[in-house]
Structures are given as structure tokens and as C-alpha cells.
């Protein structure tokens with residue numbers, strides 16, 4: 001029973017990592033918006049790069065979700 | 001439990017086929033929706049190209065938009081020589097997009113919310129990157145791990161980091177799509193589950209249930225965005241990784 005409780009606590013702690021991914025994705029899009037307001041003509045060319053960066057940052061947050069799921073269901 | 005958020009991910013065999021060495025080859029609801037996704041894409045594109053005219057009809061415009069979207073993406077990332085990978089990238093993009101979108105219908109199964117499907121796609125893509133890179137550049141492909149212009153003292157560490165980052169690509173490619181789709185569908189089910197459990201409390205609960213209902217509607221719209229965005233990200237990362245195979249020097 002205590003091992004189960006520790007598992008749930010661990011899963012909850014693992015999900016903190018997703019907050020970091022949120023910060024990262026927000027940082028990328030915030031900076032993209034700031035840059036595109038300074039130079040709107042170059043904005044559309046860089047939107048793909050912003051998406052790639054956001055996807056890479058988000059992927060690391062998904063890792064912590066997977067760790068949480070592994071703790072819960074294995 | 002009536003509204004178990006994980007119930008939607010259960011794989012049920014529809015037609016029992018054969019068993020080989022403990023592996024079940026049944027035709028499941030997952031297989032059904034893979035066939036449905038491939039069939040829908042084929043049907044739309046067939047209808048789009050059936051009566052091609054100079055002034056496109058509505059369905060033809062959709063097909064052209066779709067083609068141009070992926071073609072521009074491939075050209076932008078890999079250059080015009082990357083267009084020989086266009087059929088592959090288009091297939092991957094269309095399959096993932098249609099699986100994600102079909103999964104948004106109520107009671108439909110989301111193929112891409114299972115890590116085994118996305119991992120199979122990701123491992124195939126990375127294996128293709130390695131094979132194409134070795135076939136095209138031979139051992140020069142390993143220049144991918146040795147960036148030029150790096151001081152010799154820190155080169156071993158940089159190489160180690162590059163190798164690790166290359167090895168983590170299939171993992172992150174698979175888990176990103178899987179995690180986004182699965183987490184999104186769980187969140188939808190959890191919020192709409194609040195509506196059911198609050199509505200059972202009487203008149204006060206029904207008024208309170210309006211808030212999770214509004215949240216559910218908003219999240220459904222957001223999930224459509226995520227469904228498209230993840231298919232796009234999956235396809236463009238495929239392009240980026242294939243570009244490494246075509247041009248391994250940094």
C-alpha cells in the first residue's frame with residue numbers, strides 16, 4: 001500500500017516537469033511575437049522555425065508525462 | 001466506472017484472425033480506423049483529381065491546397081532535391097492528420113493515441129534516415145556527429161551529445177504525437193465527465209455544469225488545432241531529419 005502511495009506521489013512530482021515545457025513553449029512564442037512585431041515582413045518566414053522549436057520544447061515535457069504514466073500504470 | 005477517461009483507448013478485436021507465436025493478428029478497432037484514415041484520404045484526393053480543370057472546383061481546391069502545403073514544406077526544409085521524398089512525407093502527413101481528425105469524432109478511435117503506432121512510424125522514419133544517409137554519403141554520413149569548426153578539446157563531448165540527441169529522436173518523435181493526442185483526449189473526457197457528475201446533483205449542479213461544458217467546447221476547438229499542428233510538426237520533423245541524411249555536414 002505504501003509503495004502505491006509513493007507511486008502516486010512520484011507521478012505527481014513527475015508532472016512538474018511539464019510546467020518547464022510550458023515555460024519553454026511560452027518563451028518561444030512570446031519571443032516570436034516580439035520579433036514579428038518588430039519586423040512583420042520577416043515573420044511569416046520564421047513561423048515554421050517557431051513551430052519546430054515549440055515542438056522540440058514540448059517533446060521534453062511529454063517525456064515527464066510519460067514517466068508519470070509509467071509510474072501509474074506499470 | 002461509467003465515465004472512465006481511459007476507456008476510449010481500449011483496443012477491441014472486431015474480426016478474430018490468426019495467432020502466430022503468441023502475437024494476435026486480429027482486425028481490431030485500431031486497424032479499422034487506420035483503414036478508415038487511409039480510405040478517407042484516398043477518397044478526398046481521388047475526388048479532387050477526378051475532374052481536374054483549369055478553374056478548380058471546391059474539392060479540387062482542397063486537394064491543391066493540401067498538395068501545395070506539403071510541397072512547400074518539403075522544398076523549404078530540404079530544397080528542391082528533397083522533392084523525391086515528397087510522396088513519403090505527404091503520405092505520413094496525410095495519414096497522421098486524418099487519424100487525428102477522425103479521432104475527434106465522438107465514439108471514434110484515435111489511432112495515433114497509441115504509442116505502438118507512433119513508435120512504428122518514428123522508428124521507420126529514423127531507419128530510413130540512416131539508410132538514405134549511408135547510401136548517399138557512405139561513411140561521410142557520420143560527419144553528422146562531428147560538427148565542423150568546433151575546438152578539438154571539446155569535440156569528444158560535442159560528438160557524444162550529438163550521438164545522444166540523434167538516438168533520442170525516434171523516442172521524442174513517437175512520444176510527442178502519442179502524448180499530445182492521448183493527453184488531449186483524456187482532458188476532453190475529464191472535463192465533459194464533470195458535466196455528467198455535476199448534472200446528477202440537481203438544479204444547482206446543472207447551472208454549475210455549464211462551466212465545464214463551455215470548457216469542453218473550447219477544448220474541442222483547441223484539440224482540432226492540436227490535431228492539425230501535431231500532424232504538421234510530425235511531417236516537418238520528418239523533413240528536418242531527412243535533410244540531415246541528405247546534407248550531413250552542419
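The values are calculated or read from the model by the stated rules, or taken from the named source; none is laboratory data. Note that the structure is a prediction, hence the values are computed from the model and not measured. With ideal geometry, Cβ positions are generated from the backbone for all residues, glycine too; neighbour counts draw on all protein chains shown.
Descriptive notes on the structure:
- Wholly within the range B:148-250, helices (runs of 4 or more DSSP H) carrying at least 3 residues that are surrounded by 13 or more Cβ atoms within 10 Å (Cβ to Cβ), at pLDDT 90 or above and within 14 Å of another protein chain (Cβ to nearest Cβ): B:155-199, B:210-246
- Any hit, the range A:59-68, residues being without any contact (Cβ under 8 Å) to a residue 40 or more places away in the chain and under 26 Å from residue B:228 (Cβ atoms): yes
- Some residue of the range B:37-46 being at pLDDT 90 or above and assigned to a loop (DSSP other than H, G, I, E, B): no
- The range B:8-32: number of residues that are touching a residue at least 40 places away in the same chain (Cβ under 8 Å) and not in a loop (DSSP other than H, G, I, E, B): 5
- Residue within the range A:30-39 that is assigned to a helix (DSSP H, G or I), surrounded by 12 or more Cβ atoms within 10 Å (Cβ to Cβ), within 13 Å of chain B (Cβ to nearest Cβ) and without any contact (Cβ under 8 Å) to a residue 60 or more places away in the chain present: no
- Each residue in the range A:40-74 was checked for being more than 14 Å from residue B:171 (Cβ to Cβ), more than 9 Å from chain B (Cβ to nearest Cβ) and touching a helix residue (DSSP H, G or I) at 6+ places or on another chain (Cβ under 6 Å), and 7 pass.
- Residues of the range B:121-147 satisfying the condition of being assigned to a helix (DSSP H, G or I) and over 25 Å from residue B:89 (Cα atoms): B:139
- Just so you know, in the range B:60-85 the residues that are within 12 Å of residue B:243 (Cβ to Cβ) and either touching a strand residue (DSSP E or B) at 6+ places or on another chain (Cβ under 6 Å) or buried (at least 18 other Cβ atoms within 10 Å of the Cβ) (or both) include one that is farthest from the other protein chains (Cβ to nearest Cβ), and it is B:85.
- For the range B:155-214, the set of residues classified as under 27 Å from residue B:238 (Cβ atoms) and out of contact with any helix residue (DSSP H, G or I) (no Cβ under 8 Å at 6 or more places or on another chain) consists of B:158, B:160, B:161, B:164, B:165, B:167, B:168, B:186, listed by residue number.
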